[in-house]
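Structure first, then comments.
Where a number appears in this text, it was derived from the coordinates with a stated rule and is not lab data. Because the structure is a prediction, the values reported are computed rather than measured. Here the Cβ positions follow ideal geometry from the backbone for every residue, glycine too, while neighbour counts run over all protein chains shown.
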Ligand SMILES: O=C1C[C@@](O)(C(=O)O)C[C@@H](O)[C@@H]1O
């Protein structure tokens, strides 16, 4: 499923500006332009002491990008509350004075766009927007809504949902790809993120970004969109890859895989996928456009139940961190690349630090004590890899039974996690942290802060 509409223009990137003064708006607009934004949305309800005629004229004569004017009503928790008449008059004035776009809510759009006003706004494109509860809306409900929104005389339709699960976004993709009118559809927040990042694939008219100063919660930053995802290169044929994890924000995957795709000339995009329910995720995103996945915390073991086939190494480890959808039959094939990736990185580091006693021995891990904190999916890969290189594995985990079970598989020793504090490692032992401790944003936390190992 990609965008069906032929000849759609490329998806634009719009930066939302919520500034207290018109001078600040103009200054941020300049920065947004430098950074590659195509358009800005100016939230008039954020301007302190807003005077419609003076401020809109100033903004229009100093603009350096096309501008959308919006002015949210009192009910939407706006910064400065204004009565409805003043609000609608201000938007109308913005159109008359030459705004490129006006964004008006569906519930007032028909009245606002009565014949007389519509004629006065002939040179302004009208975005009619509506907030929708994604969870309770079927595709049919949404299509019905779109028809109603279109009949107001909208040039562009905007649907904002509050997806509480990533699978709700599939309805957005469906709407976007079948829409006969220019459409913006997205959800905010971490669970909604891919609705913005994949919008160009499904023919979305525009995606929203923040300037990165936290001013617009729930939107990706302009910088991340431009640098990591490059929407201008995404089209209906782009294959989607992503990290299935919870949380996902810590991952460097998008910064690694997206430039790599571009480097080798592959039409793919790699996005963070905050997944709550694996079964539902694979049921909904079962089509070939979703071509492969990395698997992160906490799903590396649980995901095995959702693979059609599992590579023997991953099977023996008991964890999968990479899934490919086989193009010939759509089956999900699970692999483990953590084992080789992590162990060879440790070996390289030991060789570099000249911690190799006998260079004739194939692995610098051979004979070493390998102290592992964490016996989850990542820990299992490390334990199996270390054992295969001849290391003696010692496992610590908060779940002692889990530590014991892993230790048994690699002929190692198991300990309760609390005992790590008093543990006396051998000289030149290796410590591997496979716990969530130390993950972003708490990168200074490690499992053995008070331990003599350090
Ligand atoms: O452990 C990791 C890191 C990762 O989860 C990430 O956060 O990008 C991606 C996984 O494939 C890999 O095994």
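Counting 0.36 nm for each residue step from residue 138 to residue 89 and taking away their Cα separation leaves a gain of 14.1 nm. Modelled spin-label separation between residue 405 and residue 233, with each label point placed 7 Å from Cα along the Cα-to-Cβ direction: 4.2 nm.
Give me the number: length gained by fully extending residue 252 to residue 54, i.e. 0.36 nm times residue separation minus the C-alpha to C-alpha distance, one decimal in nm.
Computed gain between residue 252 and residue 54 is 66.7 nm.
List the residues of region 122-137 whose backbone N lies under 18 Å from a point placed 7 Å from the Cα of residue 147 along the Cα-to-Cβ direction. Label zone hits: 137.
Distance between Cα centroids, region 293-330 to region 174-197: provide it in whole Å. Region 293-330 and region 174-197 have Cα centres spaced 28 Å from each other. Here the relative contact order of the chain, from alpha carbon pairs under 8 Å that lie six or more residues apart, stands at 10 percent. What the Cβ-Cβ distance of residue 388 and residue 34 gives, at R0 = 45 Å and to the nearest 0.05, is a FRET efficiency of 0.30. Here the Kirkwood formula, the inverse mean of 1/r across different C-alpha pairs, assigns the chain a hydrodynamic radius of 24.8 Å. Based on Cα contacts under 8 Å between residues 6+ apart, region 355-433 shows a relative contact order of 33 percent. Across region 299-454, Cα pairs under 8 Å and at least six residues apart give a relative contact order of 18 percent. What FRET efficiency do you get for residue 345 and residue 324 if R0 is 25 Å and r is their Cβ-Cβ distance, rounded to the nearest 0.05? Rounded to the nearest 0.05, the efficiency is 0.65. Per-residue ellipticity at 222 nm, computed for the chain from helices alone with -39500 (n - 2.57) per DSSP H run of at least four residues, works out to -9000 deg cm²/dmol. Using the Cβ-Cβ distance between residue 118 and residue 443 with R0 = 60 Å, the FRET efficiency computed as 1/(1 + (r/R0)^6) comes to roughly 0.65.
What's the exposure ranking of 410, 132, 108, going from fewest to most Cβ atoms within 10 Å?
Numbers: 410 23, 132 19, 108 16.
Ascending Cβ contact count within 10 Å gives the list 108, 132, 410.
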